[in-house]
Amino acid sequence: MNAKADILNALSIDVEEYFHARVFQEGIGGAVAGLESRVEMSTDRVLALLAAGGAKATFFVLGQVAAAHPGLVRRIAEQHHEIACHGDGHELVSRQTPDEFRTDVRRAKTVLEDVTGKPVIGYRAPNFSIGRAQAWAYDILLSEGFRYDSSTYPILHDSYGDHTASRFPVEVWRHADQKLVEFPIGTTRLCGVNLPIGGGGYFRLLPLAWTLAGIKRVNVHERRPMLFYFHPWELDPHQPRPPMPWRHRVRHYVGMEREERKLAGLLRDVKFTTIRDILAI
């Protein structure tokens, strides 16, 4: 059975600068002042890739990126992709108070809606930083007008993830007649373990065949859609490479030279649309 012809999956892109990445910031001690902006160039490459592959996607855009590059956000929306929220300044939710979090998402949502003229109903926390201890964030998201969250990666990882979380969309919060749905990053399950097939550094590191086999396993055997994600900066191997410890350098830059080619292969074999379309909200 052909997974592309049978199941429609969700595709998402976290629109941020390369220097917003946590591994990059940790590697250089947070000293990002003076680094050039490359988000427009890298995101335009993503848009061209999606157009060539006939795919639609949800773009989780940082508020600060939208404020600095409103034309980019409009180009994304004009190509009928979904605009969603990635917070304002790429601050981890786990490092914010509830009041700080509300201010952050409200500011970003306002900018995105002002630029596009359309409601923004989806949110993804930087570095998947809504864990069990941050469940309070769901109530805030719902009260601020969001209808789904995508901040969970149900795997074991050293800096994010909850391997006990649901692998598929699930209601995580409700108030009166309004509900918030969580759409986690895609995994496949083998021998009782959740294995990463949803993108990010794993996609850059592992063979394309691994991801394709995992997606097909979920689509064909579990009869469910999955969610894939990546960042525009992952398609930009020529971005600045300041000195940083080798472990940070490897994790941030590994596989960038092959990323665009692998994504093109993924789009040939898997059919994607927006999160909003999959959830039908």
Counted residues in the stretch 236-258 being buried (at least 20 other Cβ atoms within 10 Å of the Cβ) and either of a type in the set (S, T, N, Q) or in contact with an Asp or Glu (Cβ under 8 Å, 6 or more places away or on another chain) (or both) come to 1
**Asked** Mind checking whether some residue in the stretch 143-151 is modelled with pLDDT of 95 or more, farther than 22 Å from N219 by Cα and assigned to a helix (DSSP H, G or I)?
**Response** yes
Per the filter on the stretch 50-107, residues farther than 17 Å from I275 by Cα and touching a Lys or Arg at 6+ places or on another chain (Cβ under 6 Å) are G63, D88
Exercise for the section: Check whether at least one residue in the stretch 17-24 is among the β-branched types (V, I, T), over 21 Å from I121 (Cβ atoms) and surrounded by fewer than 17 Cβ atoms within 10 Å (Cβ to Cβ), and report yes or no. Expected result: no
Residues of the stretch 265-281 being closer than 20 Å to I215 by Cα and either out of contact with any Leu (no Cβ under 8 Å at 6 or more places or on another chain) or loosely packed, with under 14 Cβ neighbours inside 10 Å (or both), in sequence order, are R268, R276, L279
Within the stretch 39-54, the residues that are of a type in the set (G, A, S), more than 14 Å from D236 (Cα to Cα) and surrounded by 14 or more Cβ atoms within 10 Å (Cβ to Cβ) are G53
Taking the stretch 237-281 and keeping only residues that are among the β-branched types (V, I, T) and either under 21 Å from N127 (Cα atoms) or in contact with a Lys or Arg (Cβ under 9 Å, 6 or more places away or on another chain) (or both), one is left with V250, V254, V270, T273, T274, I275, I281
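Residues are listed down the side, and each one gets a yes or a no for (1) closer than 17 Å to L180 by Cβ; (2) without any contact (Cβ under 8 Å) to a residue 60 or more places away in the chain:
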{"position": "K109", "(1), (2)": "yes, yes"}
{"position": "E113", "(1), (2)": "no, yes"}
{"position": "I121", "(1), (2)": "yes, no"}
{"position": "P126", "(1), (2)": "no, no"}
{"position": "S129", "(1), (2)": "yes, yes"}
{"position": "A133", "(1), (2)": "no, yes"}
{"position": "L142", "(1), (2)": "yes, yes"}
{"position": "R147", "(1), (2)": "yes, no"}
{"position": "A165", "(1), (2)": "yes, yes"}
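The values are calculated or read from the model by the stated rules, or taken from the named source; none is laboratory data. Everything numeric here is computed off the predicted structure, so don't read it as measured data. Positions of Cβ are generated from backbone atoms using ideal geometry, with glycine treated the same way; all protein chains shown enter the neighbour counts.
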